[in-house]
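I have placed the structure first, in the form of structure tokens, so that the comments after it can refer back to it.
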Amino acid sequence: MDTSEPGRPTAVNSSRRRRFAERRKACGYSQEEFAEAVNVDRSTIQRWESGSTDPQPWQRPKITRALDITAGELDALLTPECRAPVRLHGILPAAEEAEDELEALELARRVAASDVGRETLSRLEGAFDELAMKYPASAPKDLMKQVRKHSSYVTHLIDARMTLGEKRRLCVVGGWLQLLGATLHIDLNQEQSATARLQTAATLARQAEHREIEAWCYETDAWRVLTDGEYGRALKLSKVAQAIAPTGSSVAIQATAQEGRARARLGERHGTYVAIERVHQMAGTVTELRGKEHHYQYDPGKSLAYTATTLAWVGDRAAESYAREVIAQLTPADDIEKWPRRVASANLDLALSLLGSDQLDEACDAARRAMLSGRVAPSNHWRAWEVVRAAEARGLRETSDMREAYHSMRSSPGEK
């Protein structure tokens, strides 16, 4: 039941609740959902956010729990962000035209005022690109520390005075950082944290009207549920990502690749080959906007690795040649601890394909090398286990060594 006291809006009240509304959105609530969570009507939420009424004392504990904040933080969200406009009477003659002119000038001054600046935003954008380029060869746990640091700084800036253009840039770079953080959480099998960051990334993307980030959110979620064995859901999410993705973008290609992987796991051979063909066609025309090692830039090398995995999953022996090419192109040295993660995955693809063609000794060796490299992320341990089980089904004597390598991989710090 709505027990809020009606109040008369003021210039201060009407502008002070922006942060309160943004906190609600960041927590994933629509106005209707938030109203249900705190047991009031939607109209009450609208009045709180417009500043026409205040939450009653007995309503505040529910609000703090729903928004995961303290009572003091709630007070801060409800505190005026700016003072009421200064009255202009007396500065010039009281003619309305003169007053209107000054009000327009004051608005222009405030819109242009900023405590953030281009340099700060450019450095944040550059830092994100560096982190995304480190992703292929970095341990997720180590990279996560840097992502947290930069995400925290974005949070610190979000309430600062800035222009509308700067606000959008901050939302965009914040969205990218949240997306990369979600990807790292997935690699580390941290499901709840991954979900929270994906939701925040999607919220920021919508605030900034940035379709590319929003599409990446769906594509990343498709990969997450695929690794959990939810192949049908992965297929649906990948198609949503394709519908949102800008034409010809890297995310459009990656979402199509994700569709192919999902269809391969579902045993849909024809649909798998159609997706592979579409990926190859799009990859040949994609514009390189970032470095090739950038996690959010598709390139021919990624297309090779994707094809190797997808063909291995669908049981096509052609996977062997693709996996060998990935390994030949990307292996930097004989030291397996220096491998990029893509090389470790390619060795697992190679092992799975070789088992299917009775090249058993090399299959076991490729699988062991991948597992002992320390470059298989926790989210991909299931792929290694799939190879171990396939070898055990063949009754190979090398199975005990593979199982030992698997358990060693699971217990070592490696990619954690």
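The values are calculated or read from the model by the stated rules, or taken from the named source; none is laboratory data. The structure presented is a predicted model; accordingly, all values stated were derived computationally and were not measured. For neighbour counting, all protein chains shown are included, and Cβ atoms are generated from backbone atoms with ideal geometry for every residue, glycine included.
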Checklist entry - Would a scan of segment 249-261 turn up a residue that is touching a residue at least 24 places away in the same chain (Cβ under 8 Å), outside the structural domain of residue 179 (by TED's automatic domain parsing), more than 20 Å from the chain's Cα centre (by Cα) and assigned to a helix (DSSP H, G or I)? => result yes
Checklist entry - So which of 273, 298 is modelled with pLDDT of 95 or more and among the aromatic types (Phe, Trp, Tyr)? => result 273
Next on the checklist: Against the condition of a type outside the set (Ser, Thr, Tyr), at pLDDT below 95, over 20 Å from residue 342 (Cα atoms) and not assigned by TED's automatic domain parsing to the domain that holds residue 136, how does residue 237 come out, does it pass?
Outcome noted: no
Checklist outcome for this item: Of those in segment 398-414 that are among the hydroxyl-bearing types (Ser, Thr, Tyr) and surrounded by fewer than 12 Cβ atoms within 10 Å (Cβ to Cβ), the residue nearest to residue 137 (Cα to Cα) is 411
Next on the checklist: Show the residue pairs meeting these rules: Cβ distance below 7 Å; 6+ apart or different chains; first residue within segment 128-144 and of a type in the set (Ser, Thr, Tyr); second residue outside any helix (DSSP H, G or I).
Outcome noted: 135/295
Item to check | Among (1) crowded, with 24+ Cβ neighbours inside 10 Å; (2) of a type in the set (A, V, I, L, M, F, W, C); (3) in the same structural domain as residue 125 (by TED's automatic domain parsing), the one test that residue 164 misses | outcome: (1)
Next on the checklist: If a residue must be under 30 Å from residue 165 (Cβ atoms), among the charged types (D, E, K, R) and either surrounded by 21 or more Cβ atoms within 10 Å (Cβ to Cβ) or touching a Pro at 6+ places or on another chain (Cβ under 6 Å) (or both), how many such residues does segment 184-211 contain?
Outcome noted: 2
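Every residue, every condition in (1) modelled with pLDDT of 85 or more; (2) closer than 28 Å to residue 149 by Cα; (3) assigned by TED's automatic domain parsing to the domain that holds residue 169, yes or no:
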site	(1), (2), (3)
42	yes, no, no
49	yes, no, no
59	yes, no, no
97	no, no, no
100	no, no, no
124	yes, yes, yes
Checklist entry - Does residue 395 count as surrounded by fewer than 24 Cβ atoms within 10 Å (Cβ to Cβ), of a type outside the set (Asp, Glu), without any contact (Cβ under 8 Å) to a residue 12 or more places away in the chain and out of contact with any Ser or Thr (no Cβ under 6 Å at 6 or more places or on another chain)? => result yes
Checklist entry - What helices (runs of 4 or more DSSP H) lie completely within segment 310-393 and have 2 or more residues being under 18 Å from residue 407 (Cβ atoms)? => result 341-356, 360-372, 381-393
